[in-house]
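The values are calculated or read from the model by the stated rules, or taken from the named source; none is laboratory data. Note that the structure is predicted; figures quoted are calculated from it, not measured. Neighbour counts are summed over all protein chains in view; Cβ atoms, including those assigned to glycine, are modelled from backbone coordinates with ideal geometry. Each accessible area value is taken on the protein alone, full model and side chains, heavy atoms only, with ligands, DNA and RNA left out. Shrake-Rupley method; radii C 1.70, N 1.55, O 1.52, S 1.80 Å.
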Amino acid sequence: MKTFAVAVVCAAALALVPVAMAKAPAGVPHSGSYSAARKFLLKGGWKPVHQPDPGFKCPPGDQRCEGRPETVDCAGTGLGNCIFRWKRKGVVVDVMTAGETDPQINGVRCKKGCR
């Protein structure tokens, strides 16, 4: 039983490695408030990618996604996780956040064109 528990913990840790090690290009914030990061990205020439997951629609009054066309998806429960997609010069990245009132960046993943 103990061996099984250790195997589960190791598998979970390995599942997180690609997200943690994904190298996003310079100029993409990896932490902090998404509101501040969004302003930074826009000033840096990044463009929002309007490509929501099928079936996702930002609920009226949801400050995480309202007025943010780059929203791919937001969870309705739990930690309030969201994914926002940006592009610049052939590079596409997803910025992942958690939090309902002031989302904080908890990861950045390269979707296309990163080296």
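Looking at Pro52, Pro59, just one residue is under 13 Å from the mean Cα position of the chain (by Cα) and part of a loop (DSSP other than H, G, I, E, B), and that residue is Pro52.
Residues that are closer than 16 Å to Ala37 by Cα number at least 2 in the following strands (runs of 3 or more DSSP E) confined to segment 68-115: 82-88, 91-98, 104-112. Scan segment 35-42 and tell me whether some residue there is assigned to a loop (DSSP other than H, G, I, E, B), at pLDDT 90 or above and touching a strand residue (DSSP E or B) at 6+ places or on another chain (Cβ under 6 Å). Scanning segment 35-42, I find no residue that is assigned to a loop (DSSP other than H, G, I, E, B), at pLDDT 90 or above and touching a strand residue (DSSP E or B) at 6+ places or on another chain (Cβ under 6 Å), so the answer is no. For segment 99-115, the set of residues classified as under 14 Å from Ser31 (Cβ atoms), under 8 Å from the mean Cα position of the chain (by Cα) and open to solvent by 40 Å² or more (accessible area, probe 1.4 Å) consists of Asn106 only.
Among the residues of segment 74-114, those that are of a type in the set (Val, Ile, Thr) and touching a strand residue (DSSP E or B) at 6+ places or on another chain (Cβ under 8 Å) comprise Ile83, Val91, Val92, Val93, Val95, Thr97, Ile105, Val108.
Cβ separations smaller than 7 Å between residues 6+ apart or across chains give the following pairs from segment 95-115 residues that are of a type in the set (Asp, Glu) to residues that are part of a loop (DSSP other than H, G, I, E, B): Glu100/Arg64; Glu100/Gly80. Taken over segment 59-69, residues that are out of contact with any Ser or Thr (no Cβ under 6 Å at 6 or more places or on another chain) and free of Cβ contacts under 8 Å to residues at least 24 places away in the same chain amount to 7. Among the residues of segment 1-34, those identified as modelled with pLDDT of 90 or more and either assigned to a strand (DSSP E or B) or open to solvent by 80 Å² or more (accessible area, probe 1.4 Å) (or both) are His30, Ser31, Ser33.
Name the single residue that is nearest to the chain's Cα centre (by Cα) among those in segment 75-98 being modelled with pLDDT of 95 or more and open to solvent by less than 20 Å² (accessible area, probe 1.4 Å). Filtering segment 75-98 for residues that are modelled with pLDDT of 95 or more and open to solvent by less than 20 Å² (accessible area, probe 1.4 Å), the one nearest to the chain's Cα centre (by Cα) comes out as Val95.
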